[in-house]
Amino acid sequence: MEVKFKTLRTVSVILKIIAWVIAALTIIGFIAVLVGGAALAQFGGRYGGVGALGPFGAVGIAFYVLIIGAIWFISLLAGADLILVILAIEENTRAVK
C-alpha cells in the first residue's frame, strides 16, 4: 500500500527531534542557572543581576527554566504524536472503505 502524507510524517520526526533537543538544553540550562546563580548570589549586592535575588532567587529561576522547558518538551512531543495519530486514523478509515 502506498504511504501517503510523507511530509507530515517528516514534520512529526522533526518535532520529536526538536523536543528532545529542548529537553537536553533545558537540563543543561537548569544546572547552569542553579550552579551559576548560587555562585553569583554572593556578588548580588555589588553587581546586581541574578545574584541580587539571593540564592533562593537563583533556585527559583532555575526551577522556572525547568518548568518552562518541560512544558515546551511535552507540547512538541504531543504535537508530533498527534500528527501520527491523525495519520493512523486516516489510514484505518481508508482501509475500511
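Here are the numbers:
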quantity: First in segment 16-42 and more than 11 Å from Val65 (Cβ to Cβ), second anywhere and modelled with pLDDT of 95 or more and of a type in the set (D, E, K, R), Cβ under 9 Å, 6 or more apart; calculated: Lys16/Asp81
quantity: Residues (surrounded by 14 or more Cβ atoms within 10 Å (Cβ to Cβ) and either out of contact with any Leu (no Cβ under 8 Å at 6 or more places or on another chain) or free of Cβ contacts under 8 Å to residues at least 40 places away in the same chain (or both)) located in segment 70-80; calculated: Ala70, Trp72, Phe73
quantity: Helices (runs of 4 or more DSSP H) enclosed by the chain - at least 3 residues per element that are modelled with pLDDT under 95 and charged (D, E, K, R); calculated: 54-96
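The values are calculated or read from the model by the stated rules, or taken from the named source; none is laboratory data. All of these numbers come straight from a predicted model, not from anything done at the bench. FYI the Cβ positions are ideal-geometry reconstructions off the backbone, even for glycines, and counts take in every protein chain you see.
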